[in-house]
Amino acid sequence: MRNQAVKPADQKPCLRRMTRRSARAFTLIELAIVVAIIVTIVTLIVPSATAMWENRKLVDAENVLRGLLSTARSHARRTSGLESGLFFYVDGNGVQRIVAIGQDEENAGSIAWQDVFRVNADRTYSFSAPFRAVPRYVVNPTGTDPNDAVYTFSVSELANDVSIESPTPSGVNQAQRHRNFFTMIYSKEGQLLIRRDVLILDEDRTGNGFGDVTGLLISYDKSGDLPDVDERFTQQDLKVNIDPTATGIPPEKIPYLVTDIDGIAIDFPSVDGLLVYNNSAFSELTSDPSLAAETRDFLLNTGQPFYVNRWTGAVVRGPLAENVAP
């Protein structure tokens, strides 16, 4: 008969209690270590992932710009003496859109229509949210002439994101002052035209007073009466006056031009370079009055510059946080 060790009656329960306590302590330590590892990994990965995401958005924006500008330039060179380009604007939903435009073929050669560009596509394009494009000149730190349509925008003008009405100066067909509304135009030779005067014509087949493609306010004087000579369309601010004796309909009588609330056609000057920026982050600054002064620095320091070669149409991505000059 084998001798068997006899354990105290309470030894087994005691060991179980110790084992359970040890297991609990070990599990909590494990959990703390895992949590610490996860926090460390997230701390390392999130900034990199955010940077990768933003860079992907910038690459997408660059591809959109290259494709649309290349198409616009090719169209300008194919058409007979007509200019073509792109119109950047913000729709009623607060999305910045890009649409192809071109001089009106039906009225080619008419001096009254030389600055009128018709929206010639039903499809609009946009950058991946929340990114938008702004002309480089609006943050140009050297601009000083308030009578020049292309000079440093004020803080309030940079902050404006509602409409194209309030920043439009008084007078006939003044150049638009808004960071989100502008054009890029190519000549028939394929040269990028800077400060080209552009009036946008968008059809209103529904008769609701808004352009069918852009959804922007348009106007048409249905009286059919031609204004007096001194009220006829003249180009202003670095523009050549149109001959008042020329035949044809003045642009303020051309139907369906994008206008301000007074029915005055707006001139959307053409630009040669853009900054692509995060509009959500920018809006946080403009919504806080105490941060209003930082809006220009934000665009200068975080906006990605894109340059367009005036002769070849090539789109080049510039370095970040550079001194932006026109």
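Counting just the residues of the stretch 70-97 that are of a type in the set (Val, Ile, Thr) and within 10 Å of the chain's Cα centre (by Cα), which one comes out farthest from Trp113 (Cα to Cα)? Walk me through it before giving the result.
From the stretch 70-97, those of a type in the set (Val, Ile, Thr) are 71, 79, 90, 95; that's our starting set.
Checking the rest, the ones that are also within 10 Å of the chain's Cα centre (by Cα) come to 90, 95.
Numbers: Val90: 25, Val95: 29 Å.
Going through the qualifying residues, I end up with Val95.
Inside the stretch 181-209, residues that are without any contact (Cβ under 8 Å) to a residue 60 or more places away in the chain and over 23 Å from Pro255 (Cα atoms) make up a count of 0. Within the stretch 182-196, the set of residues being buried (at least 18 other Cβ atoms within 10 Å of the Cβ), at pLDDT below 90 and on the phi < 0 side of the Ramachandran plot comprises just one member, Arg196.
Does the stretch 90-113 contain at least one residue that is part of a loop (DSSP other than H, G, I, E, B) and within 20 Å of Asn309 (Cα to Cα)? Break it down stepwise before answering.
Kept after step one, since they are part of a loop (DSSP other than H, G, I, E, B), are these residues of the stretch 90-113: 91-95, 104, 108-110.
Filter again for within 20 Å of Asn309 (Cα to Cα), leaving none.
No, the stretch 90-113 contains no residue that is part of a loop (DSSP other than H, G, I, E, B) and within 20 Å of Asn309 (Cα to Cα).
Exactly one condition in (1) surrounded by 12 or more Cβ atoms within 10 Å (Cβ to Cβ); (2) modelled with pLDDT under 85; (3) in contact with a helix residue (DSSP H, G or I) (Cβ under 9 Å, 6 or more places away or on another chain); (4) not hydroxyl-bearing (Ser, Thr, Tyr) is not met by Ala293; state its number. Result: Ala293 passes all but (1).
Results for (1) of a type outside the set (S, T, N, Q); (2) in contact with a Gly (Cβ under 6 Å, 6 or more places away or on another chain); (3) modelled with pLDDT of 80 or more; (4) assigned to a helix (DSSP H, G or I), shown as yes or no for each residue.
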{"position": "Glu54", "(1), (2), (3), (4)": "yes, no, no, yes"}
{"position": "Asp60", "(1), (2), (3), (4)": "yes, no, yes, yes"}
{"position": "Leu68", "(1), (2), (3), (4)": "yes, no, yes, yes"}
{"position": "Ala72", "(1), (2), (3), (4)": "yes, yes, yes, yes"}
{"position": "Gly85", "(1), (2), (3), (4)": "yes, no, yes, no"}
{"position": "Ala129", "(1), (2), (3), (4)": "yes, no, yes, no"}
{"position": "Arg132", "(1), (2), (3), (4)": "yes, no, yes, no"}
{"position": "Thr142", "(1), (2), (3), (4)": "no, no, no, no"}
{"position": "Val150", "(1), (2), (3), (4)": "yes, no, no, no"}
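Taken as a whole, the condition of being modelled with pLDDT under 70, in contact with an Asp or Glu (Cβ under 8 Å, 6 or more places away or on another chain) and surrounded by 14 or more Cβ atoms within 10 Å (Cβ to Cβ) applies to Phe233.
Against the conditions (1) in contact (Cβ under 8 Å) with a residue 12 or more places away in the chain; (2) in contact with a strand residue (DSSP E or B) (Cβ under 8 Å, 6 or more places away or on another chain), Leu285 satisfies every one except (2). Filtered by the rule that a residue be over 20 Å from Ile194 (Cα atoms), surrounded by 14 or more Cβ atoms within 10 Å (Cβ to Cβ) and of a type outside the set (S, T, N, Q), the stretch 78-110 gives Val90, Asp91, Val95, Arg97.
The values are calculated or read from the model by the stated rules, or taken from the named source; none is laboratory data. Computed from a predicted structure; not experimentally measured. Every residue, glycine among them, receives a Cβ derived from its backbone with ideal geometry; neighbour counts consider all protein chains shown.
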